[in-house]
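Enquirer: Here you go, one structure.
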Amino acid sequence: MTAITPELNLISAAIQKLPGSSANLNGQKNDKTSIFYINDIHGKSINAERTIAASKIFDSFSHEGCDVLKLSSGDIQLGEPLLSNRVMVEAQNIMGITASAMGNHEYDTPSNIKELIPHMGYKLLACNIKIKEENPLSKKVEKSFIQEVNGTKYGIIGVTPIDLFSRIKHSHIFEELKIDKIDDTIKDIQQECDKLKAQGVNKIILLSHAGFSYDKRIARETDGIDIILGGHSHELITGVKPNYNLFNSKSGEPVVITQAGRDGRYFGILNVEWDKNGIIRKLQNNVSSTRPFKRNPVARYLFEKILGKPKIIGEITSAPPPPENGSTEPSAHTNFLCDCMKDELNTDIALFGAATMRGYFEPGILDSRWLEDISPFKNNLAVVNYTEKEIVDALKISANSLVSTNNKPGILHVSGLKYDISKDGKLLNASFIDKYGNENPIDIKNPRTDKLYKTALTDFYAEGHDGFTMLKKIDKAEKIYDYDICKCVENYFAHKQKPVEIIDDKRIKIV
């Protein structure tokens with residue numbers, strides 16, 4: 001007899017039968033579908049191992065009388081390292097993902113995408129992109145496809161981010177790509193829906209990496225889409241709520257939208273019953289945390305064969321819990337990275353964007369695998385001199401994340417600075433903390449243009465990405481290092497040679 005574990009209970013609850021009768025009003029049996037879905041794992045291989053464990057338990061349950069689909073809405077990869085992205089390709093293969101939207105991070109590897117494509121046992125989908133034939137993606141990315149399960153046809157369409165070129169580091173490399181704006185993207189989706197319906201498909205799923213706000217428009221302004229499995233905006237959408245994630249299409253048919261957060265912290269199981277015409281009659285959306293699942297040992301072994309055995313970096317004596325919303329909440333974990341940068345690069349201040357922080361520290365031994373999971377982007381560090389005004393302008397953009405669409409670009413974490421933000425996204429005050437610990441208030445209404453701060457940050461932000469155009473001074477950098485934040489933290493531990501306590505010192509406050 002199989003032992004009942006918390007993990008089994010979670011999956012069992014997620015795939016339970018829909019409440020009520022299985023017959024529709026006409027007395028005819030509904031078709032049933034159970035969809036295991038993921039999005040925005042962002043190269044988090046440890047959480048991918050947990051997601052694989054959940055996927056394996058999902059597979060072990062009986063799905064008699066129910067079609068099973070496994071789908072991804074993109075950003076499973078992240079950053080440029082070939083081996084790290086190879087691991088994420090294998091993660092999707094192991095889970096049995098059959099199709100994935102092209103997220104913005106699937107474009108992070110222009111130099112080695114040719115090496116990754118042959119290992120992908122799943123389709124890449126994007127109907128709103130035009131790719132020149134010489135680009136290796138042109139042979140791999142499709143607009144849509146039909147997946148047949150137990151004799152039932154499902155149309156699967158993909159959408160890539162409308163804001164792609166503001167979200168990727170090497171946008172100039174992809175000049176041969178054209179991404180349609182939202183109005184044309186909606187037309188692209190409708191065209192694919194019409195094509196699929198003409199082939200007798202009446203159950204259509206959109207894998208969207210456009211973000212929740214655009215997904216709501218797509219749901220209302222198209223005809224034929226039944227399910228939108230979303231990504232990009234990192235929403236944690238639980239349950240089914242009318243006018244929140246359940247809408248009517250142009251023809252009045254129900255359309256459900258869902259999304260499972262970010263960084264592999266969650267996965268979803270969407271249970272659907274359909275009538276004979278392929279119209280949704282019943283829904284059950286279950287989003288579960290991956291935290292209770294033990295890392296799949298087979299996946300862990302395979303990943304370490306690809307990545308190599310992790311090495312010991314140092315010891316963490318204590319650390320606060322990670323923030324619930326990494327985009328808009330102060331984080332002692334990210335501020336610690338800033339302290340490492342400021343200390344190791346000998347600068348006045350350090351800045352690190354919430355968007356590039358994808359993990360947290362835990363008490364105990366810190367190894368290289370866990371550290372790489374915390375920020376796997378591999379952006380080189382840089383030292384740039386910024387005026388007081390440029391710093392203040394960056395903090396104002398950062399503060400606005402509290403009220404901006406999808407909380408973009410996320411708040412800036414700091415070292416050598418303190419600042420307060422109002423809940424309506426306004427910068428209230430800021431101070432510079434000198435090397436002696438003295439607090440020097442900054443006049444945020446009239447910041448100086450003649451005062452410079454030697455600043456440590458990543459080359460991603462020094463290139464002005466994520467809307468921080470005032471930081472675009474990479475061409476004036478005092479120094480660009482050939483290593484990233486993970487190597488910087490490793491150097492910090494090596495120099496300190498003692499355990500580290502990570503403390504929330506309230507240098508950033510939301511008031």
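For (1) outside the structural domain of residue 124 (by TED's automatic domain parsing); (2) at pLDDT 95 or above; (3) touching a strand residue (DSSP E or B) at 6+ places or on another chain (Cβ under 9 Å), each residue gets a yes or a no:
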{"residue": "194", "(1), (2), (3)": "no, yes, no"}
{"residue": "199", "(1), (2), (3)": "no, yes, yes"}
{"residue": "203", "(1), (2), (3)": "no, yes, yes"}
{"residue": "217", "(1), (2), (3)": "no, yes, no"}
{"residue": "226", "(1), (2), (3)": "no, yes, yes"}
{"residue": "233", "(1), (2), (3)": "no, no, no"}
{"residue": "238", "(1), (2), (3)": "no, no, yes"}
{"residue": "245", "(1), (2), (3)": "no, yes, yes"}
{"residue": "261", "(1), (2), (3)": "no, no, yes"}
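Enquirer: Is it the case, given these coordinates, that residue 224 is touching a Cys at 6+ places or on another chain (Cβ under 7 Å), in contact (Cβ under 8 Å) with a residue 24 or more places away in the chain and more than 26 Å from residue 88 (Cα to Cα)?
Expert: Numbers: touching a Cys at 6+ places or on another chain (Cβ under 7 Å): yes; in contact (Cβ under 8 Å) with a residue 24 or more places away in the chain: yes; more than 26 Å from residue 88 (Cα to Cα): yes.
In short, yes.
Enquirer: Follow-up. Of all residues being closer than 18 Å to residue 41 by Cα and basic (Lys, Arg) in segment 280-301, which is surrounded by the fewest Cβ atoms within 10 Å (Cβ to Cβ)? Just the residue, please. Let's see the steps before the verdict.
Expert: The first filter runs over segment 280-301 and keeps only residues closer than 18 Å to residue 41 by Cα, leaving 286-296, 299-300.
From what's left, basic (Lys, Arg): 291, 294-295, 300.
On the way: 291: 9, 294: 11, 295: 17, 300: 18.
Restricting to residues being closer than 18 Å to residue 41 by Cα and basic (Lys, Arg), the top hit is 291.
For every residue, the table says whether it meets (1) in contact with a strand residue (DSSP E or B) (Cβ under 9 Å, 6 or more places away or on another chain); (2) at pLDDT below 95; (3) not hydrophobic (A, V, I, L, M, F, W, C).
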{"site": "447", "(1), (2), (3)": "yes, no, yes"}
{"site": "458", "(1), (2), (3)": "yes, no, yes"}
{"site": "466", "(1), (2), (3)": "yes, yes, yes"}
{"site": "476", "(1), (2), (3)": "yes, no, yes"}
{"site": "480", "(1), (2), (3)": "yes, no, no"}
{"site": "497", "(1), (2), (3)": "yes, yes, yes"}
{"site": "507", "(1), (2), (3)": "yes, no, yes"}
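Enquirer: Okay, moving on. Select from segment 100-142 the residues that are in contact with a Gly (Cβ under 7 Å, 6 or more places away or on another chain) and either more than 16 Å from residue 75 (Cβ to Cβ) or small (Gly, Ala, Ser) (or both) and list them in ascending order.
Expert: 100, 101, 103, 126, 127
Enquirer: Just to be sure before I move on: is residue 350 over 18 Å from residue 311 (Cα atoms), touching an Asp or Glu at 6+ places or on another chain (Cβ under 9 Å) and either free of Cβ contacts under 8 Å to residues at least 12 places away in the same chain or in a helix (DSSP H, G or I) (or both) in the structure I sent?
Expert: Values: over 18 Å from residue 311 (Cα atoms): yes; touching an Asp or Glu at 6+ places or on another chain (Cβ under 9 Å): yes; either free of Cβ contacts under 8 Å to residues at least 12 places away in the same chain or in a helix (DSSP H, G or I) (or both): no.
No: the conditions fail for residue 350.
Enquirer: Also, quick follow-up: Looking at (1) surrounded by fewer than 21 Cβ atoms within 10 Å (Cβ to Cβ); (2) modelled with pLDDT of 85 or more; (3) acidic (Asp, Glu), find the lone condition where residue 80 falls short.
Expert: (2)
Enquirer: Looking at 247, 212, which is the one that is surrounded by fewer than 23 Cβ atoms within 10 Å (Cβ to Cβ), under 24 Å from residue 76 (Cα atoms) and of a type in the set (Phe, Trp, Tyr)?
Expert: On the way: 247 fails: under 24 Å from residue 76 (Cα atoms).
Answer to the selection: 212.
Enquirer: Can you confirm whether segment 445-461 contains a residue that is in the same structural domain as residue 412 (by TED's automatic domain parsing), among the charged types (D, E, K, R) and in contact with a Leu (Cβ under 8 Å, 6 or more places away or on another chain)?
Expert: Residues of segment 445-461 that are in the same structural domain as residue 412 (by TED's automatic domain parsing), as a first pass: 445-461.
Going one step further and asking which of them are among the charged types (D, E, K, R), we end up with 445, 448, 450-451, 454, 459.
With in contact with a Leu (Cβ under 8 Å, 6 or more places away or on another chain) added as a condition, the list becomes 459.
Yes, that holds for at least one residue.
Enquirer: Name the residue, out of 335, 325, that is among the polar types (S, T, N, Q), in the same structural domain as residue 482 (by TED's automatic domain parsing) and outside any loop (DSSP other than H, G, I, E, B). I'd like the intermediate steps shown before the answer.
Expert: Details: 325 fails: outside any loop (DSSP other than H, G, I, E, B).
Result: 335 is the single residue among 335, 325 that is among the polar types (S, T, N, Q), in the same structural domain as residue 482 (by TED's automatic domain parsing) and outside any loop (DSSP other than H, G, I, E, B).
Enquirer: Let me ask you something else. Return yes or no: is residue 365 in contact with an Asp or Glu (Cβ under 6 Å, 6 or more places away or on another chain) and either at pLDDT 95 or above or β-branched (Val, Ile, Thr) (or both)? Steps first, please.
Expert: Details: in contact with an Asp or Glu (Cβ under 6 Å, 6 or more places away or on another chain): yes; either at pLDDT 95 or above or β-branched (Val, Ile, Thr) (or both): yes.
Answer is yes for this residue.
Enquirer: Let me ask another. Only residues that are small (Gly, Ala, Ser) and surrounded by 15 or more Cβ atoms within 10 Å (Cβ to Cβ): list them for segment 104-159, please. I'd like the intermediate steps shown before the answer.
Expert: Pass one, segment 104-159, residues small (Gly, Ala, Ser): 111, 121, 126, 138, 144, 151, 155, 158.
Result: 126, 144, 155, 158.
Enquirer: Might you check whether a residue that is outside any loop (DSSP other than H, G, I, E, B) and within 21 Å of residue 195 (Cα to Cα) occurs anywhere in segment 275-295? I'd like the intermediate steps shown before the answer.
Expert: Just the residues of segment 275-295 that are outside any loop (DSSP other than H, G, I, E, B), to begin with: 280-289.
Next, only the ones that are within 21 Å of residue 195 (Cα to Cα) stay: 280.
Yes, that holds for at least one residue.
Enquirer: How many of the residues making up segment 385-406 are among the polar types (S, T, N, Q), surrounded by 24 or more Cβ atoms within 10 Å (Cβ to Cβ) and assigned to a strand (DSSP E or B)?
Expert: Within segment 385-406, residues that are among the polar types (S, T, N, Q), surrounded by 24 or more Cβ atoms within 10 Å (Cβ to Cβ) and assigned to a strand (DSSP E or B) number 0.
Enquirer: List pairs: first residue in segment 32-57 and buried (at least 24 other Cβ atoms within 10 Å of the Cβ), second residue basic (Lys, Arg) and assigned to a helix (DSSP H, G or I) anywhere in the structure, Cβ distance under 7 angstrom, at least six positions apart or on different chains.
Expert: As it stands, the answer is 49/300, since those pairs meet every condition given.
Enquirer: Next up: Could you run through segment 125-145 and say how many residues are outside any strand (DSSP E or B), over 20 Å from the mean Cα position of the chain (by Cα) and within 20 Å of residue 38 (Cα to Cα)?
Expert: Here the count works out to 2.
Enquirer: Can you name the number of the only condition in (1) free of Cβ contacts under 8 Å to residues at least 24 places away in the same chain; (2) under 18 Å from the mean Cα position of the chain (by Cα) that residue 257 fails?
Expert: The number of the failed condition is (1).
Enquirer: Which is in contact with a strand residue (DSSP E or B) (Cβ under 7 Å, 6 or more places away or on another chain) and surrounded by fewer than 18 Cβ atoms within 10 Å (Cβ to Cβ), of 304, 329, 315? Even if it seems obvious, please write down each step before you answer.
Expert: On the way: 304 fails: in contact with a strand residue (DSSP E or B) (Cβ under 7 Å, 6 or more places away or on another chain); 329 fails: in contact with a strand residue (DSSP E or B) (Cβ under 7 Å, 6 or more places away or on another chain).
Only one candidate qualifies: 315.
Enquirer: Among (1) part of a helix (DSSP H, G or I); (2) modelled with pLDDT of 95 or more; (3) buried (at least 20 other Cβ atoms within 10 Å of the Cβ); (4) not polar (S, T, N, Q), where does residue 343 come up short?
Expert: Only one criterion is unmet by residue 343, namely (3).
Enquirer: Which pairs have Cβ atoms under 8 Å, sit 6 or more apart or on different chains, and link a residue in segment 465-486 that is without any contact (Cβ under 8 Å) to a residue 40 or more places away in the chain to one that is in a loop (DSSP other than H, G, I, E, B)?
Expert: 472/463; 472/464
Enquirer: May I pose another question? Can residue 29 be described as at pLDDT below 90, of a type in the set (Lys, Arg) and over 28 Å from the mean Cα position of the chain (by Cα)? Reasoning before the result, please.
Expert: Values: at pLDDT below 90: yes; of a type in the set (Lys, Arg): yes; over 28 Å from the mean Cα position of the chain (by Cα): yes.
Taking the combined requirement at face value, the residue satisfies it.
The values are calculated or read from the model by the stated rules, or taken from the named source; none is laboratory data. Note that the structure is a prediction, hence the values are computed from the model and not measured. Methodologically, a virtual Cβ is constructed for each residue, glycine included, from the backbone with ideal geometry; neighbour enumeration extends over all protein chains shown.
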